[in-house]
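The values are calculated or read from the model by the stated rules, or taken from the named source; none is laboratory data. Source: prediction; values computed, not measured. Glycine also receives a Cβ, built like all others from the backbone with ideal geometry; neighbour counts cover every protein chain displayed. Surface accessibility is based on the protein's heavy atoms, side chains included, excluding ligands, DNA and RNA. Shrake-Rupley method; radii C 1.70, N 1.55, O 1.52, S 1.80 Å.
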Amino acid sequence: MMIKGKARAHANIALIKYWGKRDDELVLPMNSSLSLTLDCFYTETEVIFNDDIEKDYFYLNNNIQDEAATKKVSDFLDLFRNSAGIKSSAMVKSINYVPTAAGLASSASGFAALAAAANVASGLNLDNKDLSIYARQGSGSATRSIYGGLVEWRRGISGKDSYAVPVDDAKWDIGMIVVIVNPKEKLISSREGMKRTVETSPFYTSWVESAEEDLKQIKIAISKRDFEQMGLIAERNSLKMHATMLGAKPPLSYWEPESVLVMQIVRELRKEGIPCYFTMDAGPNVKILCKLSESYKIKERLTQSFHEEKIIITGPGPGVTIL
Ligand code: PMV
């Protein structure tokens, strides 16, 4: 027996961050979050269940992966194998389409594409809601990559109702500029970083409360297409997430001097009347939320301090596609 499925999923950047789990096993978040799916960054993955192979193989960008990386994929595929009663091993081939030198984390697009491909290969044919529940168990942010545009991940009460819902297709003047400050892999994974913050930061409880309020407010701003409010809420939310890390023991910071430089440039541009807002995740790269129509102007300013190759403009992207 040999059954296969292939799918593409796009990366997303959170405007209201997910930071902290209340259940590590099920990947249940402490707070709901909201993101923008991106056009330029995506992963294509093929899953082939094959009776003739004796173990799982995982190729990423045509390179066979080590045991640790393969185990993550195998454990994730077990969710599908168990539900569908499949006993075969799998061949998984994944390609990350990320502009050169980007070095962006790809767990969101990676696990969303893997989930969508496994969904076809296993014959489970889950709908998007259930697919996001499965993707969540690979990586929290992957929950949101099932949909395009602006997407909310509702924290839910149990494993069965923590999933993503589309909020707005973002087919208006929205763009994002990714500034690559450092393409190297982060030293402290988001998994580790959030765990340390939840366990030791005295600011953590306020973060959860304030993130839920931010989510409420940003949804109002989105419904009114109030870009300025949307950006201000997102920028502050990101700063608050990073503030919780500074309070952790030992303290944690993903910022590099160039990250702060991008923040300064964004603030200057705003003073000049260009609406743009920064956000950062578990790494030093900075993403700038802006109007797509103004992205080239902003890029031009950034090129005074950063190499052109390190500045990537992207628009809103679509949800998962079966290939
Ligand atoms: O999905 P993970 O485990 O890589 O965590 C993502 C955490 C942040 O990127 C910092 C925030 C978010 O909501 O994407």
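Of the conditions (1) surrounded by fewer than 19 Cβ atoms within 10 Å (Cβ to Cβ); (2) of a type outside the set (S, T, N, Q); (3) in contact with a Phe, Trp or Tyr (Cβ under 9 Å, 6 or more places away or on another chain), Ala118 clears all except one; give me its number. Of everything listed in (1) surrounded by fewer than 19 Cβ atoms within 10 Å (Cβ to Cβ); (2) of a type outside the set (S, T, N, Q); (3) in contact with a Phe, Trp or Tyr (Cβ under 9 Å, 6 or more places away or on another chain), Ala118 misses just condition (1). Only one entry of Gly138, Gly148 meets the criterion of being over 21 Å from Val208 (Cα atoms), within 13 Å of the ligand (Cβ to nearest atom), of a type outside the set (Phe, Trp, Tyr) and modelled with pLDDT of 95 or more, and that entry is Gly138. Residues that are part of a helix (DSSP H, G or I) and in contact with a helix residue (DSSP H, G or I) (Cβ under 8 Å, 6 or more places away or on another chain) within the stretch 244-265 comprise Thr244, Met245, Val262, Ile265, listed in sequence order. Before we move on, is Gly123 surrounded by fewer than 20 Cβ atoms within 10 Å (Cβ to Cβ) and in contact with a Leu (Cβ under 6 Å, 6 or more places away or on another chain)? Here the answer is no, as Gly123 does not meet what is asked. Report yes if some residue within the stretch 36-45 is closer than 15 Å to Gly140 by Cα, modelled with pLDDT of 95 or more, in the same structural domain as Gly148 (by TED's automatic domain parsing) and open to solvent by less than 10 Å² (accessible area, probe 1.4 Å); otherwise report no. So far as the stretch 36-45 goes, yes, one or more of its residues are closer than 15 Å to Gly140 by Cα, modelled with pLDDT of 95 or more, in the same structural domain as Gly148 (by TED's automatic domain parsing) and open to solvent by less than 10 Å² (accessible area, probe 1.4 Å). Among the residues of the stretch 296-312, just one is part of a strand (DSSP E or B) and either out of contact with any Leu (no Cβ under 8 Å at 6 or more places or on another chain) or surrounded by fewer than 18 Cβ atoms within 10 Å (Cβ to Cβ) (or both), namely Ile312.
Taking first residues from the stretch 60-83 that are more than 16 Å from Ile3 (Cβ to Cβ) and partners that are in a helix (DSSP H, G or I), the Cβ contacts under 7 Å between residues at least 6 apart in sequence or on separate chains come to Val73/Leu114; Phe76/Phe111; Phe76/Leu114; Leu79/Tyr134. Against the test of being outside the structural domain of Ala112 (by TED's automatic domain parsing), farther than 30 Å from Ala84 by Cα and away from the ligand (no atom under 16 Å from the Cβ), the options Arg236, Arg225, Arg196 yield a single qualifying residue, Arg225.
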